[in-house]
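Notes to accompany the following structure.
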Amino acid sequence: MSFQAYLDTIESRTGLTPRQFIALAEEKGLNGPDTKAGAVLEWLKADYGLGRGHGMALVHVLRNGAAISDKHVGSSGVHRDDSATLWLDGRATNPATRD
C-alpha cells in the first residue's frame, strides 16, 4: 500500500482528512518533529480504532508534514507513491485522483 493510500484509507474509515488530524493533534500537543509515536498511536487507536500501520502514517505526517522520501516514488514495489509530496486535504480534492 502506498503512503498516500494509507492516508486515503484513514480518511475513508474516520471521515477526517490528514489535515484535520494535524489540527486535532496540534490541539493535543501531539505534533512536530519530536512527537512520540506511542502517544499518537494510543490516541488514534482509542478515539478512531486505527491500527499501527495507519497510525504510523499519521505519525510521519505529524512529524514531517507532506514530504516523504523519494525512495519509493516511481518504483514498482507495493509501497510505490506517485509523488514525494502527500496530499493532505482529502481524496475528493486531490488533483492526482480526479477524472
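Residue count for the range 80-97 under the criterion of being of a type in the set (D, E, K, R) and without any contact (Cβ under 8 Å) to a residue 24 or more places away in the chain: the result is 0.
Checking Ser12, Ser75 one by one, the residue that is modelled with pLDDT under 95, out of contact with any His (no Cβ under 7 Å at 6 or more places or on another chain) and not basic (Lys, Arg) is Ser75 and no other.
Scanning the range 1-36 for residues that are among the basic types (Lys, Arg) and more than 15 Å from Leu86 (Cα to Cα) yields Arg13, Lys28, Lys36. For the range 59-68, the criterion of being open to solvent by 50 Å² or more (accessible area, probe 1.4 Å), polar (S, T, N, Q) and in a loop (DSSP other than H, G, I, E, B) is satisfied by no residue at all. Scanning the range 10-28 for residues being out of contact with any Leu (no Cβ under 8 Å at 6 or more places or on another chain) and either open to solvent by 60 Å² or more (accessible area, probe 1.4 Å) or at positive phi (or both) gives a total of 6. If you take the residues of the range 29-55 that are more than 23 Å from Gln4 (Cβ to Cβ) and at pLDDT below 95, which of them is surrounded by the most Cβ atoms within 10 Å (Cβ to Cβ)? The residue in question is Lys36.
Return yes or no: is Arg19 touching an Asp or Glu at 6+ places or on another chain (Cβ under 7 Å) and either more than 22 Å from Thr97 (Cα to Cα) or assigned to a helix (DSSP H, G or I) (or both)? Yes.
The values are calculated or read from the model by the stated rules, or taken from the named source; none is laboratory data. Predicted model, so just to flag it, every value in this text is computed and none were measured. So basically every Cβ, Gly included, is an ideal-geometry build from the backbone, and we count neighbours across all protein chains shown. Only protein heavy atoms, including side chains, enter the accessible area calculation; ligands, DNA and RNA are left aside. Shrake-Rupley method; radii C 1.70, N 1.55, O 1.52, S 1.80 Å.
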